[in-house]
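Here is the structure we will look at, set down as structure tokens.
The values are calculated or read from the model by the stated rules, or taken from the named source; none is laboratory data. Just so you know, these numbers come straight off a predicted model, no measurement behind them. With ideal geometry, Cβ positions are generated from the backbone for all residues, glycine too; neighbour counts draw on all protein chains shown.
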Amino acid sequence: MLSVAEIEDAALISWPALDSLSDGRWVARYTRGFSGRANSIWCLDPADDDNAAQRIARLAATYAEHDLPPLFRVTPLTGRNTLAALEAEAWEKTDTSLVLSTPVGETAGFDPAARLFDATDPAFLAAQAALQGFASATLETFTAILGAIRSPACGIVLFADDGAPAASLLCVQTGGVVMFYDVVTAASRRGEGLGRRMMASGLSWGAENGAAHAALQVQGSNSPAIGLYLALGFTFRYPYHYRRPTKVLPQ
């Protein structure tokens, strides 16, 4: 079974930030506000926990330089001193997500209707933009993130008979783990099993590209998606959440 550290390392690599600042095993990430994962402070080793209050303050102050609000991502790798410092400075909890994983064994193969694209292919980007309702600036940032991925990556789209995208996802393989992102189905097509078909194709792509495990992150309130992933054999591994300051921070 994958460790928390292995999943977190895979998540960090497979979803790159456009800019970052490291402090030991902490990293502050900045990406124009697109996704909490790419715009928050991460801890990657609970033992790297000294001088937590000072380090939080120093890294939090850097977000103003990027016109972003500071955000701290709390996982099982966040040390006790760090969590205590966040509590002491009244950083409030928000946005809980769940991490699930599964071994990648024998797969069902690719769905006949699935089309596979390079992650930066304009057709895949257009499908994601249409399904997620991206504004032009958001699409520009999304495109930049995908262009920064240095691991094998694939965009999968299921198209409707009229040529419109019906469902889509992104998969990235790093270190033997295939990570899934931006799993989305058109609102008018939900409940038709498209998510299951896409995920089956994504797992097949992962198996063909050297993945022994798969992992993903899903909002804790997204019960339909969680039910789908559990039905596909994923199991719950750990939660994470974000903290944001409630006090005015020194510049």
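List of remarks:
- Scanning the range 1-46 for residues that are of a type in the set (F, W, Y) and farther than 14 Å from V74 by Cα yields W15, Y30, F34.
- Looking only at residues of the range 88-127 that are of a type in the set (S, T, N, Q) and not in a loop (DSSP other than H, G, I, E, B), we find that the one that is surrounded by the fewest Cβ atoms within 10 Å (Cβ to Cβ) is T94.
- Complete set of residues in the range 1-24 that are touching a Lys or Arg at 6+ places or on another chain (Cβ under 6 Å) and part of a loop (DSSP other than H, G, I, E, B): W15, A17
- Each residue in the range 50-82 was checked for being among the charged types (D, E, K, R) and within 13 Å of V27 (Cα to Cα), and 3 of them qualify.
- Neighbours by Cβ (under 7 Å, 6+ apart or cross-chain): first from the range 13-29, free of Cβ contacts under 8 Å to residues at least 24 places away in the same chain and over 11 Å from C43 (Cα atoms); second in a loop (DSSP other than H, G, I, E, B) and aliphatic (A, V, I, L, M): R29/A17
- The set of residues in the range 150-170 being among the small types (G, A, S), modelled with pLDDT of 95 or more and either closer than 16 Å to A187 by Cα or surrounded by fewer than 22 Cβ atoms within 10 Å (Cβ to Cβ) (or both) consists of S151, A166, A167, S168.
- Scope the range 225-241; condition assigned to a helix (DSSP H, G or I) and either hydrophobic (A, V, I, L, M, F, W, C) or touching a residue at least 60 places away in the same chain (Cβ under 8 Å) (or both); matching residues: A225, I226, L228, Y229, L230, A231
- Under the condition of being in a helix (DSSP H, G or I) and either crowded, with 18+ Cβ neighbours inside 10 Å or of a type in the set (K, R) (or both), the residues counted in the range 201-224 number 7.
- Options G220, G227; residue that is within 14 Å of the chain's Cα centre (by Cα) and outside the structural domain of G109 (by TED's automatic domain parsing): G220
- The listed residue being touching a helix residue (DSSP H, G or I) at 6+ places or on another chain (Cβ under 6 Å) and among the polar types (S, T, N, Q), out of T246, T174, T235: T174
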